[in-house]
1. Sort out which residues of segment 155-184 are assigned to a helix (DSSP H, G or I) and among the hydroxyl-bearing types (Ser, Thr, Tyr), and write them in order of number.
2. Scan segment 175-222 residue by residue and report those that are among the hydroxyl-bearing types (Ser, Thr, Tyr) and crowded, with 20+ Cβ neighbours inside 10 Å.
3. Could you list, in sequence order, all residues of segment 190-203 that are in contact with a Leu (Cβ under 9 Å, 6 or more places away or on another chain) and either free of Cβ contacts under 8 Å to residues at least 24 places away in the same chain or closer than 20 Å to residue 142 by Cβ (or both)?
4. Answer yes or no: is there a residue in segment 11-27 that is within 14 Å of the chain's Cα centre (by Cα) and more than 25 Å from residue 157 (Cβ to Cβ).
5. Please enumerate the residues belonging to segment 1-12 that are assigned to a helix (DSSP H, G or I), without any contact (Cβ under 8 Å) to a residue 60 or more places away in the chain and not aromatic (Phe, Trp, Tyr).
6. What is the residue count in segment 55-94 for residues that are modelled with pLDDT of 85 or more and not polar (S, T, N, Q)?
7. Counting just the residues of segment 131-154 that are modelled with pLDDT under 90 and part of a helix (DSSP H, G or I), which one comes out surrounded by the most Cβ atoms within 10 Å (Cβ to Cβ)?
8. Do any residues in segment 110-137 that are farther than 18 Å from residue 189 by Cα have Cβ atoms under 6 Å from those of residues that are assigned to a helix (DSSP H, G or I) and hydroxyl-bearing (Ser, Thr, Tyr), where the two are at least six apart or on different chains, and which pairs are they?
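The values are calculated or read from the model by the stated rules, or taken from the named source; none is laboratory data. Treat the numbers as computed from the prediction; the structure is a model and nothing was measured. When we count neighbours, we look across all protein chains shown, and the Cβ atoms used for this are built from the backbone with ideal geometry, even at glycine.
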Amino acid sequence: MSYLRQIWLIVWKDLLTELRTREVTGSVLVFALLVLLVFNFTFDLRVERVLDVAPGVLWVTFIFAGTLVLNRAFTLEKDRGCLDGLLLLPVDRSALYLGKMLTNTLFMFLVEAITLPVYVVLFDLPLPLLLLLVVFLGTVGFAAVGTLFSAMTVHTRAREVLLPVLLFPIVVPVIVAAVKLSAGLLDSVPLGEMAHWLRLLVAFDVIFLAVAYMTFDYVVEE
């Protein structure tokens, strides 16, 4: 079996499971929309210039929603006693990681594709096309390291609490760069003036993906 087919089978399995249960995307989408509504009502009362806080609101929503997605990455297999069977499959462990990471990224993209237009309408902001690139790069970096930590914490009892505690400090460079780029794009700042933030975001995406790819085989063992 080819390496790419191994990855595809992992992704297809997770997509079929989600289509049958809708345990992840439905709850995460509702949560993300509620977060946006709460922030919108709060800032209408207290903030004079929404643009000063809007980029942070966008990424706080994405981070919280993404954490819920990552919490469920390995939980279903663990709770149903299928995780050991998944690890015994005759596939490379790195293919398992990439399959899970791609699935998490797809779920996050789905939630972001619905919440981003709602965000633009609620906060009355433009939607620059380059913002979609920033969202893509930020989501990939977050999912890359988040999938690794999700595999680490799935064997613990307090995994819902432990995952964000471990994850958030590590992804700070990605989030800071994404917020800075988003703020600049929403404020019509030329991309050339923010090139250093874009390079930082791409660099950490590559680093996180490479490190997670190389260490997943050791992390996934109980």
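1. Answer for segment 155-184, where residues must be assigned to a helix (DSSP H, G or I) and among the hydroxyl-bearing types (Ser, Thr, Tyr): just 182.
2. 182 - this is the single residue of segment 175-222 that is among the hydroxyl-bearing types (Ser, Thr, Tyr) and crowded, with 20+ Cβ neighbours inside 10 Å.
3. 194, 197, 198, 201, 202
4. yes
5. 4, 5
6. 14
7. 150
8. Within 6 Å, the pairs are 110/25.
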